[in-house]
Amino acid sequence: MKVYESIVIGAGQAGLSASFHLRKRGIEHLVLDANSHPGGAWQHRWKTLTMHDVHGISQLPDMAVPRNVDIARARDFVPGYLGSYEELFNLPIRRPVRVRGVQDHSGLLEAVAETQTFTTPHSHQCDGHVDAAVHPVLSRRRHVHRASTPYR
């Protein structure tokens, strides 16, 4: 059984930022994302929503958001930006992996997916607010870092 130093659940803006900082600190980790492509909930937005309508997004660490994109469709632009970020920093993302829950097991945490279980002492929950969030059932909650607030 492989034990990762940390597991990040969700590869949206919060998850990618967490992965960037974990890598920067030399922490071996894995990002699990339920979507088959980069972009999280953004790729499912309606076609007429433009970047002007959403008033932009926050930049990710060490990669500015391109300027003058007001007329770009948000459902295309944001997934493109997030996908470029994943590639630029070669982040360890596995998808599609839908985590069904996080539980204690012998002093470690298990992120339980449909076909596999991932083990770690630390879980960073960045699964957003669109789908049903994963709520861990833990005896020691200090291991879980939760980031589900949308970034702007």
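Tabulated data for the structure shown
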{"quantity": "Filtered residues of segment 51-73 (kept if among the β-branched types (Val, Ile, Thr), part of a loop (DSSP other than H, G, I, E, B) and closer than 19 Å to SER17 by Cβ)", "calculated": "ILE57, VAL65"}
{"quantity": "Qualifying residues in segment 37-61 (those that are of a type outside the set (A, V, I, L, M, F, W, C) and more than 17 Å from the chain's Cα centre (by Cα)) - the one surrounded by the most Cβ atoms within 10 Å (Cβ to Cβ)", "calculated": "ARG45"}
{"quantity": "Identity of the residue in segment 93-152, at pLDDT below 55 and of a type in the set (S, T, N, Q), that ends up farthest from VAL31 (Cα to Cα)", "calculated": "SER139"}
{"quantity": "Unmet requirement for ALA74, which otherwise passes all of (1) under 18 Å from ILE7 (Cβ atoms); (2) of a type in the set (Gly, Ala, Ser); (3) buried (at least 19 other Cβ atoms within 10 Å of the Cβ)", "calculated": "(1)"}
{"quantity": "Condition check for VAL3: surrounded by fewer than 19 Cβ atoms within 10 Å (Cβ to Cβ), of a type outside the set (Phe, Trp, Tyr), closer than 17 Å to GLU86 by Cα and at pLDDT 90 or above", "calculated": "no"}
{"quantity": "Hits in segment 1-14 - residues which are within 8 Å of the chain's Cα centre (by Cα) and not in a helix (DSSP H, G or I)", "calculated": "VAL8, ILE9, GLY10, ALA11, GLY12"}
{"quantity": "Test: SER17 is at pLDDT 90 or above, of a type in the set (Gly, Ala, Ser), out of contact with any Asp or Glu (no Cβ under 7 Å at 6 or more places or on another chain) and not in a loop (DSSP other than H, G, I, E, B)", "calculated": "yes"}
{"quantity": "Near pairs, Cβ below 8 angstrom, 6+ apart or cross-chain, from segment 34-63 (among the acidic types (Asp, Glu)) to any residue that is modelled with pLDDT of 90 or more", "calculated": "ASP53/ALA74; ASP62/PHE20; ASP62/PHE89"}
{"quantity": "Top-ranked residue of segment 35-50 - restricted to ones that are among the hydrophobic types (A, V, I, L, M, F, W, C) and more than 17 Å from SER17 (Cα to Cα), ranked as modelled with the lowest pLDDT", "calculated": "TRP46"}
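The values are calculated or read from the model by the stated rules, or taken from the named source; none is laboratory data. What you see is a predicted model, and the numbers here were worked out from it, not measured in a lab. A quick note on method: Cβ atoms are made from the backbone with ideal geometry, for glycine too, and the neighbour counts reach across all protein chains shown.
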